[in-house]
Structure formats: structure tokens, C-alpha cells
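Quick notes on the structure that follows.
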Amino acid sequence: MKAVSRSSLRLFTALDVPSEICDRLGEAITRLQIEMPRGSVRWVRPNGIHLTLKFFGAVPSAKVADLQAALTQAAASVSPFALRVEGLGVFPSALRPRVVWTGVEGDLSALEALQQAVETSVAALGFKPEARDFKPHLTLGRVNEHVSSADRPKLGRALEALGRGGATSYGDFVVRHLDLIRSELRPTGAVYTQLFSAPFADQ
């Protein structure tokens with residue numbers, strides 16, 4: 001991973017998830033920790049959960065104002081919409097789990113329109129479109145690299161079984177703004193700071 005210089009910021013844009021939903025996801029993570037082999041998954045901190053729309057990487061400080069303007073334009077293209085957090089799964093598959101996630105449902109057409117508006121608005125600043133299709137989700141944990149190829153399918157099947165067997169609906173919320181967030185990588189984990197918030201139309 002490239003180091004971020006003092007003249008640049010490690011940035012991404014995301015949608016805020018209400019604290020009460022993050023608290024419920026924190027409870028789900030606690031239950032999953034009990035079921036999973038110790039040290040097999042790096043679980044996220046509940047207060048760091050967010051719905052990422054695009055990761056920008058290291059952005060020169062001088063470019064941040066232009067990025068804020070582009071995100072303001074993207075946010076103004078949509079009105080507030082409702083989402084629901086539910087489900088449990090793994091990427092890319094149960095045989096090769098790397099990411100543990102919970103799903104996002106609701107007005108996905110509005111969400112996808114917003115994500116495309118972000119891609120379009122920042123393209124003029126030199127940010128390339130994502131190569132992979134947008135799959136809305138909230139990351140709960142990442143499987144550690146030291147987990148063996150033999151144990152990964154067991155882990156994936158266990159996670160999928162937990163998703164099928166338990167209550168995995170964590171709440172509904174209305175999205176009203178788009179945030180620009182700074183990510184600082186520290187030995188204790190990433191620290192997130194909201195730098196800017198762009199309201200949607202009709203606010």
C-alpha cells in the first residue's frame with residue numbers, strides 16, 4: 001500500500017449509517033466473533049461502518065475543493081431515499097471468503113443513480129470509473145490472509161449458515177446527504193473523519 005504524503009489525504013465518499021443501526025451491527029459482530037475461530041477475521045469497529053460509494057485513494061490537498069464541488073453536483077442530482085440493512089454473506093464466495101458483509105436493500109435504483117452520478121462528476125478530475133459493478137453492502141470483517149485454503153470453505157459455510165439461521169434485519173433509514181471522508185491508517189486500525197457533507201436535492 002502506498003504511503004500518503006503530508007500534502008495528500010486518503011479519501012473516499014460514502015453514505016452515513018445511523019448509530020442505532022451500527023450498534024445492532026456491533027451486536028451481530030459480537031455474536032459472529034463467538035462462532036468464528038479466534039483470529040480468523042478482522043472485524044470492523046461499529047462506529048466505522050459506512051456505505052462506500054467510491055474510494056479515491058491519496059488525493060492532493062489542492063484537489064480537495066474541486067472534489068467537494070463535484071460531490072455537491074452529484075448529491076444535487078437525487079432526492080432523499082430509503083434503505084434497509086439486512087442479510088449476511090461473504091465475498092467473493094463461501095469457498096473463498098475474503099469479506100464478511102451485510103446487505104443493503106430498499107430504493108436501490110436511487111442508490112445506483114447516485115453512485116453513477118458520483119462516477120460521472122469526478123471523472124473530469126481524473127478519477128477512473130470502478131472496473132467492478134457496484135454491489136451495495138456494509139463490510140463487517142475481512143478474513144485474515146493466514147487462514148488456510150482448507151479452512152476458508154469451512155469459515156464461509158459457517159458464516160452463510162449464521163446468515164440463514166438468525167435474525168439479520170438491522171433497520172431502515174433515509175439517506176439525505178453524501179459525505180467525503182478521510183481515512184487515516186494507524187496500527188490500531190483506520191480512523192475516519194468526515195470532511196464535507198453535500199445535501200441531496202429538496203432539502
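The values are calculated or read from the model by the stated rules, or taken from the named source; none is laboratory data. Fair warning: this is a prediction, and the values are worked out from it, not measured in the lab. Glycine gets a Cβ as well: all are built from the backbone with ideal geometry, and neighbour counts include every protein chain shown.
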Does the stretch 68-83 contain any residue that is of a type outside the set (Gly, Ala, Ser), surrounded by fewer than 19 Cβ atoms within 10 Å (Cβ to Cβ) and within 22 Å of VAL191 (Cα to Cα)?
yes
SER109: passes all of (1) within 26 Å of ARG176 (Cα to Cα); (2) in contact with a helix residue (DSSP H, G or I) (Cβ under 9 Å, 6 or more places away or on another chain) but (2)
The one condition LEU88 fails out of (1) at pLDDT below 90; (2) surrounded by fewer than 17 Cβ atoms within 10 Å (Cβ to Cβ) is (2)
ALA150 passes all but one of the listed conditions (1) surrounded by 12 or more Cβ atoms within 10 Å (Cβ to Cβ); (2) out of contact with any helix residue (DSSP H, G or I) (no Cβ under 9 Å at 6 or more places or on another chain); the exception is number (1)
In the set SER8, SER19, the lone residue that is surrounded by fewer than 16 Cβ atoms within 10 Å (Cβ to Cβ) and in contact (Cβ under 8 Å) with a residue 12 or more places away in the chain is SER19
All conditions in (1) aliphatic (A, V, I, L, M); (2) surrounded by fewer than 16 Cβ atoms within 10 Å (Cβ to Cβ); (3) over 14 Å from the mean Cα position of the chain (by Cα); (4) closer than 17 Å to LEU138 by Cβ are true of VAL41 except (2)
Exception for ALA65 within (1) hydrophobic (A, V, I, L, M, F, W, C); (2) surrounded by 15 or more Cβ atoms within 10 Å (Cβ to Cβ); (3) part of a helix (DSSP H, G or I) falls at (2)
Log entry, pairs with first residue in the stretch 168-179 being under 17 Å from LEU25 (Cβ atoms), second being at pLDDT below 95 and of a type in the set (Asp, Glu), beta carbons closer than 6 Å, six or more apart or on different chains, reads THR168/GLU86; SER169/GLU86
If you go through GLU130, GLU145, GLU112, the only one that is surrounded by fewer than 17 Cβ atoms within 10 Å (Cβ to Cβ) and at pLDDT 95 or above is GLU112
Going through the stretch 19-58 in order, the residues found to be over 18 Å from TRP101 (Cβ atoms) and assigned to a loop (DSSP other than H, G, I, E, B) are PRO37, ARG38, GLY39
Open item on the list: Against the definition (of a type outside the set (Lys, Arg) and under 19 Å from SER109 (Cβ atoms)), how does HIS146 come out, yes or no?
Closed with: no
Restricted to the stretch 53-62 and to residues being surrounded by 17 or more Cβ atoms within 10 Å (Cβ to Cβ) and under 14 Å from the mean Cα position of the chain (by Cα), the residue nearest to ASP202 (Cα to Cα) is LEU53
